[in-house]
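Read the structure below first, then the notes.
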Amino acid sequence: MPAVMKKIDIKEMNNWPKSWAGSPKDEKYGTELIKIFKPFIQELIDAKYSYRTIKNHFDNLWLLGGRVIKGLYYEENARTLHPAIRLTHHIDSWDGPRIYDLTESEQESFDRTCRKFYKHLVVNVLEKMDFS
């Protein structure tokens, strides 16, 4: 009997802003983050990464989005920043923010996602933005 192919349901990301939100403003900002996250996951799907790899990145992006939204509580003026710019305050080519609830191996997985996503962010989002 053939194995059932698992697939990532990218539409599930549409529910993330509500899960992160403490206020309607958070949900709106979270929706903008999703617009940046979805193409990254779609690239992984199109490149035929394994289900497990995509699922790890998918779950780690959910953590990253929650961290970005949480940061808005402490820096209200950060809401004025484009979400792509705000993401660069949290991730870079080395790692992501420290999530204290994660084990060391979970943090390493999260950092791998942040590094990979950062490359996508720079090439596919930031380089195409008009800063003039």
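The values are calculated or read from the model by the stated rules, or taken from the named source; none is laboratory data. All values reported here derive from a predicted model rather than from experimental measurement. Here the Cβ positions follow ideal geometry from the backbone for every residue, glycine too, while neighbour counts run over all protein chains shown. Accessible surface areas use protein heavy atoms only, side chains included; no ligands, DNA or RNA. Shrake-Rupley method; radii C 1.70, N 1.55, O 1.52, S 1.80 Å.
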Is it true that some residue in segment 67-76 is loosely packed, with under 14 Cβ neighbours inside 10 Å, in a helix (DSSP H, G or I) and not aromatic (Phe, Trp, Tyr)?
yes
Only one residue in Trp16, Trp62 is open to solvent by 50 Å² or more (accessible area, probe 1.4 Å), part of a helix (DSSP H, G or I), under 25 Å from Val123 (Cβ atoms) and touching a Phe, Trp or Tyr at 6+ places or on another chain (Cβ under 7 Å), so which one is that?
Trp62
Of all the residues that make up segment 43-59, how many are in a helix (DSSP H, G or I) and free of Cβ contacts under 8 Å to residues at least 40 places away in the same chain?
6
Can you tell me which residue within segment 99-116, out of those that are outside any loop (DSSP other than H, G, I, E, B) and not charged (D, E, K, R), is surrounded by the fewest Cβ atoms within 10 Å (Cβ to Cβ)?
Ser105
Segment 79-98, residues that are buried (at least 16 other Cβ atoms within 10 Å of the Cβ) and aliphatic (A, V, I, L, M):
Ala84, Leu87, Ile91
Would you mind stating whether Lys119 is within 22 Å of Phe131 (Cα to Cα), open to solvent by 80 Å² or more (accessible area, probe 1.4 Å) and under 11 Å from the mean Cα position of the chain (by Cα)?
no
Do you know which of the residues in segment 19-35 that are open to solvent by 30 Å² or more (accessible area, probe 1.4 Å) and within 12 Å of the chain's Cα centre (by Cα) is farthest from Val68 (Cα to Cα)?
Lys35
Determine which single condition Val4 fails, assuming it passes every other condition in (1) modelled with pLDDT of 95 or more; (2) over 22 Å from Lys119 (Cα atoms).
(1)
Residue within segment 36-54 that is within 18 Å of Lys70 (Cβ to Cβ), surrounded by 11 or more Cβ atoms within 10 Å (Cβ to Cβ) and out of contact with any helix residue (DSSP H, G or I) (no Cβ under 7 Å at 6 or more places or on another chain) present:
no
